[in-house]
Amino acid sequence: MKITADWLLSGPATQVSKVLTDAGHQAWFVGGAVRNAIIGAEATDVDIATDALPEIVSDLAQRAGFRAIPTGIEHGTVTILAGTEKFEITTFRNDVKTDGRHAKVTFSTSLTEDAQRRDFTMNALFAAPDGTVTDPVGGLPDLLSGHVRFIGDPHQRIREDYLRILRFFRFTAWFGSPENGIDADGLAACAENLDGLDLLSRERIGAEMRKLLAAPDPAPALAAMSASGALLRLLPGAAAHLIAVLVHVEQAASLPPDWVRRLAALGGQDAETTLRLGNAETTRLTNLCDALSAPDTPGTLGYRLGPTDALGVLALRAALMTREIDPADSAAALYGAAQTFPVRAADLMPALKGPALGARLKDLEARWIASGFTLTKDALLA
C-alpha cells in the first residue's frame, strides 16, 4: 500500500529524504507519522530512519543548506531543520545493552534489525519517499484491527525500557479496539514487570499519563491498567471505575477531553508529586476536587472557576450520580462565568482598611452571588 499524507507531499519532507537518497543512502519515514497516515490521523512528528551514519547525515544536510542539530548523536539521532519543518533522522540500530531506562546501541544497515528493536508492531511501519509502505514485523494488520502488540517477546521489550508499560496502556487508549480487547500477552508482561516503574522519572511518568488521559475514551485502557496493578502502583488509592461514566457525560455535553478533569475522577494520592504537575495544573486539580464536594451552585462555580472548570465540576458531579449534566446547570455556570463583581476596594476606602476591608468585600461578594448576581453596586453599598 501507499500513503498520501500532506506532510509526505510537502517540499521539506521530499527535500530532506532526497538529500539522503541522492547520496546513495536509504531514507524511510517511520513511526507515528506513517501509522497515523494509514488511519487518517494527523501527524505530530515526522521521523526518518536511514543507513547513513549520524556524521554523514549532518554533513549531507549542511551541504544542502539545512541546519543539523546533534540532539541524540550517541543514539544515532540528528535533528534537521528545513525552514520551519523539523525532522529527526536516526541511523538504523541495535540495542546491545539496556538497563530499563537507557540503551547502548550499535549502528546497523538493516531496516529489519531496526524494526525489531522498536516497541509495538504498529510503530514499526516504514514508508519510502514515494509513500510505499514496508511492514517488516506485521504491524499493518495489527494497526487496522486495533491490536496494540509488542514486537517479539513482551517481557524483553519492557525490560529494555520500563516506560513501555505506560506506553502500552496509552497506545491501547488511542489505537486499541475496545471490541477486540487488550492484548493478553502484553497485559500479563506489564503486570509481571511493575517493579520497573520505580526506575522511571516522574517527568516521563507524567508525560505518558497526560497523553493517556487525553485520549477520546481512556476508560478501557485505564480499567486494564488498574487490573494489572500499574495504576495503584503509580497513584495509590486511584480507582478507574468512574472514568467510563465521565466519558459518557462529557460526550453528552459536548465537552472536549480534559486530562486534569479525568485525573480528578481517578483520585489517588500524591498525583502532584508522582506525575510532576506544574503549579497551574496542581491548582486546577485541587479546585476540581474541592468543588466536587462543596455546596456551590452552578452559577457560583462559573464565577469562581471559569467556564471550563465549572463545567468540569458539573461533569464530575453528574458522573458520580450516574446521570448527565442538566442543561440549566450548564447555562447557569456559563452565566456565572461571565459576571464581574461590581464593588472594588476603593469603593469602601478610606472608611475601611486592612482586615476589615477584606471582610467587608467578602461579605458583599457573598450577598451579590446569593442574589444571582443581580444586586447592583449602589444596592450593595447601600
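So what is the 222 nm mean residue ellipticity for the chain from helices alone, if each DSSP H run of at least 4 adds -39500 (n - 2.57) and you divide by all residues, rounding to the nearest 500 deg cm²/dmol? That comes out to -15000 deg cm²/dmol.
Maximal additional length on extending the D195-F341 stretch stands at 47.3 nm, based on 0.36 nm per residue less the C-alpha distance. Sort the range 235-339 into rounded, prolate or oblate with this rule: let a ≥ b ≥ c be the square roots of the eigenvalues of the Cα gyration tensor; rounded if a/c is under 1.5, and if a/c is not under 1.5, prolate when a/b is larger than b/c, oblate otherwise. It is oblate, given that a/c is not under 1.5 and a/b is not larger than b/c. Subtracting the Cα-Cα distance of D130 and L232 from 0.36 nm times their residue separation leaves 32.1 nm of extension gain. Compute the FRET efficiency between E179 and T283 as 1/(1 + (r/R0)^6), taking r as their Cβ-Cβ distance and R0 = 30 Å, and round to the nearest 0.05. With R0 = 30 Å, the Cβ-Cβ based efficiency is 0.20. Note on the chain: Rg/Rh from Cα positions, Kirkwood definition for Rh, rounded to two decimals, is 1.09. For the range 149-157, the Karplus equation 6.51 cos²θ - 1.76 cosθ + 1.60, evaluated at θ = phi - 60°, returns couplings of 10, 5, 7, x, 7, x, 4, 5, 4 Hz by residue, with Gly and Pro reported as x.
The dipole here belongs to the chain: it is taken about the Cα centre, uses +1 on the Cβ of Lys and Arg and -1 on the Cβ of Asp and Glu, and is about 960 debye. The residue among G40, A64, V133 whose Cα reaches farthest toward the positive pole of the charge dipole of the range 1-145, with charges on the beta-carbon of Lys, Arg, Asp and Glu, is A64.
Scaled to the globular estimate 2.2 N^0.38 Å, the Cα spread of the range 123-226, given as radius of gyration, is 1.10. Simple point charges give the picture: +1 on the Cβ of Lys and Arg, -1 on the Cβ of Asp and Glu, and for the range 342-382 a dipole about the Cα centre of about 100 debye. Annotation: the antiparallel percentage among DSSP beta bridges lying fully within the chain is about 80. In the elastic network of the chain, a GNM with C-alpha springs shorter than 10 Å, the most mobile of A333, A41, A280 is A280. Restricting the range 88-189 to GluC sites (Glu not before Pro) that sit in a DSSP loop and have at most 13 other Cβ atoms within 10 Å of their own Cβ leaves E179.
Read-outs: derived from the displayed coordinates by stated rules, not from any lab. Every value quoted in this text rests on a predicted model; they were computed, and no experiment measured them. Every residue, glycine as well, gets a Cβ built from its backbone with ideal geometry; the counts of neighbours run over all protein chains shown.
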